Amino acid sequence: MNEAAVRTLRALIAGAQRIVFFGGAGVSTESGIEDFRSESGIYAARNKYGLSPELMLSHSFFEQYPEQFFDYYRSTLSRTGFEPNAAHRALAKLEREGKLTAVITQNVDNLHQLAGSVNVLELHGSAYRNYCVRCGKSYSIEHINESEGVPRCECGGTVKPDVVLYGESLDYDVMTAAIAQLRRADLLIVGGTSLVVYPAASLVSYYGGSDIVLINKSATSLDESAGLVIREPIGEVLAAAVGI
């Protein structure tokens, strides 16, 4: 652990009044959930269909081949049983203390909420919310996972995950709220993201403050702009800086 970097991060947190955290898949890897782009991530794993994850998790594939879509979706984004890790718990503590005003996440795994975070802006939706495309009735993630083939509503309609699929637009209200939070923040902590998924990654450009902390194992496009770059596991870093 880079103790000097942790001390600097601790001081930045102490001096901030409106912290915003922007995170990606790397936040949840310490909970056992694979990320997307690492050597052991979802994109690197072969699937029985021989198709790319971008295709199989696309809106067009969902519409044209719903049975294959849900078969793959259940094996990737719809898995349950994971627990929040130290990163999730540290961020929830900062929110309780009145320091952190929002978590902006690209993840759909609900772990920030399970850790106790309240103001969570889910750019890519949530696997824990599902709805009938015909009547709009809501369904749990268990309904998706326990269904055979294509999950159906009692009205007969298809139950679709409230996840932003490839080819779909991000939710306007969530984007607007995220931009507002970033513009008012006085400390931005970016963690567990390679910042290559757009338009989500472009949101960090709306940050109006001067202090940026980047916690990620690999280099990103934000490295040169960040005042503090830490290349260590995000859960360990945040736990040490926040004191959990």
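The values are calculated or read from the model by the stated rules, or taken from the named source; none is laboratory data. Remember, it's a predicted structure, so these values are computed and weren't measured experimentally. All Cβ positions, even for glycine, are placed from backbone atoms using ideal geometry, and neighbour counts span all protein chains on display. In case anyone asks, the SASA skips ligands and DNA or RNA and just uses the protein heavy atoms, side chains included. Shrake-Rupley method; radii C 1.70, N 1.55, O 1.52, S 1.80 Å.
Scanning region 123-138 for residues that are assigned to a strand (DSSP E or B), open to solvent by less than 40 Å² (accessible area, probe 1.4 Å) and not hydroxyl-bearing (Ser, Thr, Tyr) turns up Gly125, Ala127, Asn130, Cys132. Every test in (1) open to solvent by 30 Å² or more (accessible area, probe 1.4 Å); (2) modelled with pLDDT of 95 or more; (3) in a loop (DSSP other than H, G, I, E, B); (4) of a type outside the set (Lys, Arg) is passed by His143 save one, and that test is (3).
Residue count for region 6-56 under the criterion of being surrounded by 17 or more Cβ atoms within 10 Å (Cβ to Cβ), farther than 22 Å from Ala92 by Cβ and modelled with pLDDT of 95 or more: the result is 1. Taken together, Val120, Val150, Val108 contain a single residue that is without any contact (Cβ under 8 Å) to a residue 40 or more places away in the chain and open to solvent by less than 50 Å² (accessible area, probe 1.4 Å), which is Val120.
Scanning region 185-215 for residues that are assigned to a loop (DSSP other than H, G, I, E, B) and open to solvent by less than 20 Å² (accessible area, probe 1.4 Å) turns up Ala185, Gly192, Thr193, Leu195. Across region 123-142, the number of residues qualifying as over 18 Å from Val190 (Cα atoms) and touching a residue at least 60 places away in the same chain (Cβ under 8 Å) comes to 2.
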